[in-house]
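This report concerns only the one structure given below.
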Amino acid sequence: MKTVDITTPNRNSPGIWIVTVALAIIGFHQLQGQSLDDLLQIAQDNNPKIQAYELRYSAAREKVSEAASLPDTELGAGVFVSEPETRTGAQKARFSVRQMLPWFGTITAREQYAASMAEVDYEELAVLRRQLVLEVTKAYYQLYANYALQEVLEKNIALLDTYEKQALTAVEVGNASSVDVLRLQIRQNKLRERKRVLEETYAAEQAALNNLMNRDPSTPISITGTLELPALEDPAESAGLRMHPELLKYEKLYQSVASMELLNRKEAAPDFGLGLDYIPVQERAAMAFDDNGKDILMPMVSLTVPIFNTRYDSRTRQNKLRQQELQALRQERENMLRSRWAEALALRNAARIRYETQEDNLSRAQNAEQILLRTYETGAIDFDELLEIHELQLSFQENKVGAVRDYFWQAAMVNYIAGE
């Protein structure tokens with residue numbers, strides 16, 4: 001039996017709530033431990049795309065601090081080549097300092113806009129986390145289906161081996177021909193071939209799942225036990241859908257445009273600046289009077305007035321159009337999610353119906369098999385009918401595994417859309 005190297009999940013991870021939500025609907029199974037929970041946590045911690053977007057979000061948060069900064073302070077210095085002569089002496093040089101200040105509330109508006117854009121990045125990160133949960137879950141249940149099919153084939157190979165022994169005994173007493181034995185052996189070879197192909201496919205599917213967790217593709221993942229369909233009521237679609245990050249992203253974008261418009265109005269207001277000029281003055285020789293050589297100190301105030309402000313009016317119109325666009329896009333996304341939710345729910349219910357049908361058909365096929373085997377006690381057995389019944393049983397078992405996989409796939413999709 002293959003084993004899996006799983007680390008203990010960090011329950012304080014920012015993505016753990018998504019794992020918990022995902023397992024709220026798909027966690028009712030009988031597999032060993034909570035291996036899917038562990039794999040989801042590993043993927044949340046190690047997936048490079050998630051890590052990249054976490055870094056993007058952190059960088060966006062840093063922009064809030066950047067937005068709070070003031071314009072650069074201007075420093076100036078100059079030397080008079082031709083020194084201006086004044087009553088108190090010659091001016092030797094000029095030193096100045098200037099600081100422009102935005103209109104009241106402009107810095108706060110910039111911070112709000114930067115914070116709103118960071119919230120958009122956060123919702124994008126939340127969408128990626130949900131998508132990762134969906135991908136890992138589907139890959140995990142595909143791996144389970146492969147494992148379960150291998151188990152089905154192994155049991156059927158063993159069953160055909162029993163049939164072969166019965167056929168050999170029947171040949172010895174003249175109740176069967178060697179052709180029946182050969183047909184059973186050919187059937188066993190076909191099943192062994194299918195099992196070997198599934199083993200190769202298992203390795204590829206295991207590598208795909210490991211890649212989602214950003215670890216060595218050959219890391220073994222064990223699948224043990226069986227899955228049973230849970231008896232769950234349909235989730236409340238409306239509450240979860242309203243909080244879906246794909247929709248919240250558009251709401252955050254709408255708010256960011258509103259913050260951009262507030263900043264636009266602040267930037268349309270005048271800016272003012274404060275400054276100070278200092279001019280050293282040389283004393284006049286052989287003269288004595290008040291303020292001889294007195295340096296000049298000149299405080300200054302400046303004001304920038306946006307007289308030609310058509311660009312700010314244009315930005316306002318652009319922002320209104322952008323908000324209308326975002327409202328339309330959000331409605332389109334909500335409609336799409338509702339359609340996908342309804343489709344996933346229907347496919348999940350259809351998978352349950354297929355599962356129950358295969359259960360009933362399998363039970364009937366097993367009864368037919370028992371009836372045929374009882375005839376062996378009377379000395380007559382029809383191996384053609386027995387192989388036909390065996391083929392039906394194998395088909396029902398495979399369809400049953402596929403129905404279980406499809407059920408949990410669609411349950412994961414339902415939860416991706418409507419899970420809170």
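Every read-out reported here was derived from the displayed coordinates using simple, explicitly stated rules and does not represent laboratory data. Being a predicted model, the structure only gives us computed values, none of them experimental. Here Cβ is always computed from backbone atoms with ideal geometry, including for glycine, and neighbour counts include all displayed protein chains.
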Mean separation of Cα contacts under 8 Å, 6 or more apart, over the residue count of the chain: relative contact order %: 25
Among Leu276, Leu386, Leu149, residue whose mean-square fluctuation peaks in a GNM of the chain (springs only between Cα atoms under 10 Å): Leu276
Choice from Thr310, Thr224, Thr137 showing the highest fluctuation, given a GNM over the chain with Cα pairs closer than 10 Å: Thr310
Ascending count of other beta-carbon atoms within 10 Å, so fewest first, for Lys195, Lys294: Lys294, Lys195
The range 178-226 and the range 321-373: distance between their alpha carbon centers, rounded to Å: 26
Ranked list, fewest to most other Cβ atoms within 10 Å of each Cβ, for Leu212, Leu159: Leu159, Leu212
Cα centroid separation, the range 44-58 to the range 256-288 (Å): 43
Which labelled figure in [x] 84, 27, 15; [y] 81, 24, 14; [z] 41, 26, 23 is semi-axes √(5λ) of the Cα gyration tensor in Å, once derived from the coordinates: [y]
Taking the range 263-420 and dividing mean pair separation by its residue count, relative contact order in percent (alpha carbons under 8 Å, at least six apart): 23
Rg/Rh ratio calculated on Cα atoms of the range 96-162 (Kirkwood radius): 1.66
Förster radius 45 Å - calculated FRET efficiency between Asn309 and Glu85, Cβ distance, rounded to 0.05: 0.50
Candidate aspartates and glutamates - alpha carbon under 17 Å from Lys92, same-chain residues fewer than 8 apart omitted: Glu83, Asp277, Glu283, Asp291, Asp295
Sequence-distant aspartates and glutamates (8 or more away, or on other chains) whose Cα lies within less than 15 Å of Lys63: Glu54, Glu111, Glu119, Asp121
Pairs beyond 27 Å (Cα-Cα), from Lys49/Lys320; Lys138/Lys400; Lys49/Lys195; Lys190/Lys400: Lys49/Lys320; Lys49/Lys195
Alpha carbon centroid spacing (whole Å) that separates the range 156-171 from the range 80-119: 97
Under 16 Å from Lys155, Cα to Cα: aspartates and glutamates that are on another chain or at least 8 residues apart: Glu164, Glu193, Glu199, Glu369, Glu391, Glu398
Span-like helix ranges in the chain, DSSP H, alpha carbon extent 20 angstrom or more, Kyte mean at least -0.5: 106-172, 383-418
Overall dimensions of the range 216-354 as given by Cα atoms, namely Rg and Dmax in Å: 34.2, 114
Gaussian network model of the chain, Cα within-10 Å springs - most flexible of Met300, Met336, Met213: Met300
Furthest towards positive pole of dipole, Tyr163, Thr201, Leu229, structure part the range 145-236, Cβ charges: Tyr163
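Taking the number of other C-beta atoms within 10 Å as the exposure measure, put Phe396, Phe95 in order starting with the fewest. Kindly include the intermediate steps, with their values, before the conclusion.
Numbers: Phe396 21, Phe95 13.
Ascending Cβ contact count within 10 Å gives the list Phe95, Phe396.
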